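Scroll down for the structure; my scribbles are underneath it.
The values are calculated or read from the model by the stated rules, or taken from the named source; none is laboratory data. What you see is a predicted model; the values in this text were computed from it and never measured. In this analysis, Cβ positions are derived from the backbone assuming ideal geometry, glycine residues included, and neighbour counts consider all displayed protein chains. With ligands, DNA and RNA removed, areas are computed over all heavy atoms of the protein, side chains included. Shrake-Rupley method; radii C 1.70, N 1.55, O 1.52, S 1.80 Å.
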Amino acid sequence: MTGRLYVGGEWRESSSSRTYEKRDPWRPSEVVGVYAAASAADAADAVAAARLALPAWSSLPADRRAAIFRIAAAALDARAEDVARDMTAETGKPLREARGEAARAATILRFAAGEAWRPVGEVYEPSVPDQTLYTRRRPVGVVALITPWNFPAAIPVWKLAPALVYGNTVVLKLAYEAPRTGLHLAECFAEAGLPPGVLNVLTGSGSEVGAALVGDPGVRAISFTGSVPVGHGLRDEANARNCRVQLELGGHNPLLVMGDAELDRAVEAAYAGAFWSAGQKCTATRRILVQDAVYDEFRGRFLARVAAGRVGDPADPGTEVGPLVNESALRDVLAAIERGRDEGGTLLTGGHRAHDDAYLIAPTVFEDVADHTFLSCEEVFGPVTSLYRFSTLDEGLRRANAVEFGLSAAIFTRDLRTVQRFTTEAEAGILHVNSQTAGADVHVPFGGIKGSGWGPHEQGRAAIEFYTELVTVYQDAPAE
Ligand code: UN1
């Protein structure tokens, strides 16, 4: 498989002619594709193409934009199985999750098509006669989208769909580790007849292409999902030139299991939250806090569930936990596990590489991890979670909240007063009552508080905030 850049409606090589090989995390000796390594010059060309396309696209009636989205969604549905298989081959995401994600990407496009019909302003009572006083949301201009490999279909789409529907033009930087999945999206839009330059798609390294986009004065807004240090660096540089920035960063998401919880459901949710996608979600469950009365029972059932889990080849539709994305991720996660042990954590299961070739780590569960130590505070992007024992709801909430991050949090309980306290006091942007910490419906806002994000939330109606500029119009009628 080979892939090129999509710039100004044309498929082309990198201006530097450089390419890179993408390997399969399950069979690292196998090259699954060769992709263009875009240069800073390609990034500049993509921004120029997006600027050129902006006036015509932003003045196109919304129903015409929406029509293109509906065709692109159908094109994506038609190739959903290929998208899923390519996603599995290049990132190691288990096929069962990859299939769900491919379908979700098409659903996001259909939701966005509907958004094209919604109001983009409000009318107010005037304060003088013969005046019409209203607001209008207008496109921001050229937006750059810098996307991660862990949701290589859903995240590019949930950024590009609102960006385009509100009349912006886009330069999409795909994750280095997931080029093929994202190129499917570009192909679907090309098939759907999107005008040249409205969506430009680049593959290659973040340090080169991402950096060029951040510094390009033609880029008016940047939406980024990824790591904290990269996000903060990008924000500081872009904000200094008055470029809008939206960041989706990490999480350290707690799951609270109360004494009255439905334990079987809580166990399933803990397993899925901690280990699906090999824990490589910013919404993954990093801490499982269990109330005294049910701690031992929960611990036993959870460890049994982990032992029964299907770990292995991600292309097998029965596999629940596959490999990590690459060798450096494997090394980082193994080092974090080592550090967890050094700092006094007890390893209950897992903790080791589980395959000679594949970047597979056995689902790993710790206990006795002190609250202030590395594993309890820092995001380890892998299949690693820890169990904590607590007694009162006050204590549980206080400890759940005692991290820098605030992306998602979950609780299992049947008690309404407990739910009320949780939804009022849990410090996270996404709260789950009796469901796992991960997951994001297409039509509701998604985003964190505290150190998990920056700027307005993504998805649903909330996306309009970031991708439009609000202007207020005082429109006085001329005298007769
Ligand atoms: C989900 O939980 O389905 O990168 C979505 C991430 C988040 C998206 C999570 N921005 O993991």
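Scanning segment 110-132 for residues that are in a loop (DSSP other than H, G, I, E, B), hydrophobic (A, V, I, L, M, F, W, C) and closer than 15 Å to VAL473 by Cα yields VAL120, VAL128. Filtering segment 361-400 to residues that are free of Cβ contacts under 8 Å to residues at least 60 places away in the same chain and within 21 Å of ARG310 (Cα to Cα) leaves ALA362, THR364, PHE366. For segment 64-90, the set of residues classified as more than 19 Å from TRP158 (Cα to Cα) and in contact (Cβ under 8 Å) with a residue 12 or more places away in the chain consists of GLU81, ASP82, ARG85, ASP86, THR88, ALA89, GLU90, listed by residue number.
For (1) modelled with pLDDT of 95 or more; (2) within 16 Å of the ligand (Cβ to nearest atom), each residue gets a yes or a no:
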residue: ALA116; (1), (2): no, no
residue: VAL123; (1), (2): yes, no
residue: THR147; (1), (2): yes, yes
residue: ILE155; (1), (2): yes, yes
residue: LYS159; (1), (2): yes, yes
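If the condition is being away from the ligand (no atom under 16 Å from the Cβ) and out of contact with any helix residue (DSSP H, G or I) (no Cβ under 9 Å at 6 or more places or on another chain), then segment 418-440 contributes VAL419, GLN420, THR423, THR424. When ALA266, ALA358 are checked against the criterion of being in contact with a Pro (Cβ under 8 Å, 6 or more places away or on another chain), away from the ligand (no atom under 16 Å from the Cβ) and in contact (Cβ under 8 Å) with a residue 40 or more places away in the chain, ALA358 stands alone in meeting it.
Being away from the ligand (no atom under 13 Å from the Cβ) and open to solvent by 40 Å² or more (accessible area, probe 1.4 Å), is that true of even one residue in segment 277-288?
At the first step, the residues of segment 277-288 found to be away from the ligand (no atom under 13 Å from the Cβ) are 287-288.
Narrowing further to those that are open to solvent by 40 Å² or more (accessible area, probe 1.4 Å): none.
No, there is no match, as no residue in segment 277-288 is away from the ligand (no atom under 13 Å from the Cβ) and open to solvent by 40 Å² or more (accessible area, probe 1.4 Å).
Could you figure out which of (1) more than 16 Å from the chain's Cα centre (by Cα); (2) open to solvent by 10 Å² or more (accessible area, probe 1.4 Å) isn't true of VAL209? Unmet for VAL209, out of (1) more than 16 Å from the chain's Cα centre (by Cα); (2) open to solvent by 10 Å² or more (accessible area, probe 1.4 Å): (2). Counted as qualifying within segment 1-100 are the strands (runs of 3 or more DSSP E) with 3 or more residues that are in the same structural domain as VAL165 (by TED's automatic domain parsing) and either on the phi > 0 side of the Ramachandran plot or open to solvent by 30 Å² or more (accessible area, probe 1.4 Å) (or both), namely 10-12, 19-23, 31-36.
Residues to consider are THR135, THR107; find the one that is assigned to a helix (DSSP H, G or I), open to solvent by 10 Å² or more (accessible area, probe 1.4 Å) and either within 16 Å of the ligand (Cβ to nearest atom) or β-branched (Val, Ile, Thr) (or both). Working first, answer last.
Values: THR135 fails: assigned to a helix (DSSP H, G or I).
None of the others qualify; the one that does is THR107.
The single condition among (1) in contact with a helix residue (DSSP H, G or I) (Cβ under 8 Å, 6 or more places away or on another chain); (2) within 16 Å of the ligand (Cβ to nearest atom); (3) among the charged types (D, E, K, R) that GLU187 does not meet is (2). Taking the criterion of being within 14 Å of ASP24 (Cβ to Cβ) and surrounded by 24 or more Cβ atoms within 10 Å (Cβ to Cβ), the residues of segment 312-331 that qualify are PRO314, GLY322, PRO323, LEU324, VAL325. Taking residues in segment 10-22 that are under 18 Å from ALA175 (Cα atoms), and partners anywhere that are among the polar types (S, T, N, Q) and open to solvent by 60 Å² or more (accessible area, probe 1.4 Å), the pairs with Cβ atoms closer than 9 Å and at least 6 places apart or on different chains are GLU13/THR19; THR19/THR2.
Put simply, of LEU234, LEU247, LEU255 the only residue that is in contact with a His (Cβ under 9 Å, 6 or more places away or on another chain), more than 22 Å from PHE390 (Cα to Cα) and either within 16 Å of the ligand (Cβ to nearest atom) or open to solvent by less than 10 Å² (accessible area, probe 1.4 Å) (or both) is LEU247. Can you spot a residue in segment 336-346 that is away from the ligand (no atom under 16 Å from the Cβ) and either under 26 Å from the mean Cα position of the chain (by Cα) or in contact (Cβ under 8 Å) with a residue 60 or more places away in the chain (or both)? So far as segment 336-346 goes, yes, one or more of its residues are away from the ligand (no atom under 16 Å from the Cβ) and either under 26 Å from the mean Cα position of the chain (by Cα) or in contact (Cβ under 8 Å) with a residue 60 or more places away in the chain (or both).
Here is a yes/no grid of residues against (1) among the hydroxyl-bearing types (Ser, Thr, Tyr); (2) farther than 27 Å from ARG287 by Cβ; (3) part of a helix (DSSP H, G or I):
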{"site": "ALA402", "(1), (2), (3)": "no, no, no"}
{"site": "THR418", "(1), (2), (3)": "yes, no, yes"}
{"site": "THR424", "(1), (2), (3)": "yes, no, yes"}
{"site": "HIS432", "(1), (2), (3)": "no, no, no"}
{"site": "GLY439", "(1), (2), (3)": "no, no, no"}
{"site": "PRO478", "(1), (2), (3)": "no, yes, no"}
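Per this entry, VAL294 is counted among residues that are of a type in the set (Val, Ile, Thr), over 19 Å from ASN253 (Cα atoms) and surrounded by fewer than 22 Cβ atoms within 10 Å (Cβ to Cβ).
Of all residues in segment 441-464, how many are among the small types (Gly, Ala, Ser), surrounded by fewer than 17 Cβ atoms within 10 Å (Cβ to Cβ) and near the ligand (Cβ under 10 Å from one of its atoms)? Of the residues in segment 441-464, 0 are among the small types (Gly, Ala, Ser), surrounded by fewer than 17 Cβ atoms within 10 Å (Cβ to Cβ) and near the ligand (Cβ under 10 Å from one of its atoms). Given the criteria under 30 Å from TRP11 (Cβ atoms), open to solvent by less than 10 Å² (accessible area, probe 1.4 Å), assigned by TED's automatic domain parsing to the domain that holds GLN459 and not aliphatic (A, V, I, L, M), does SER223 qualify? Yes: the conditions hold for SER223.
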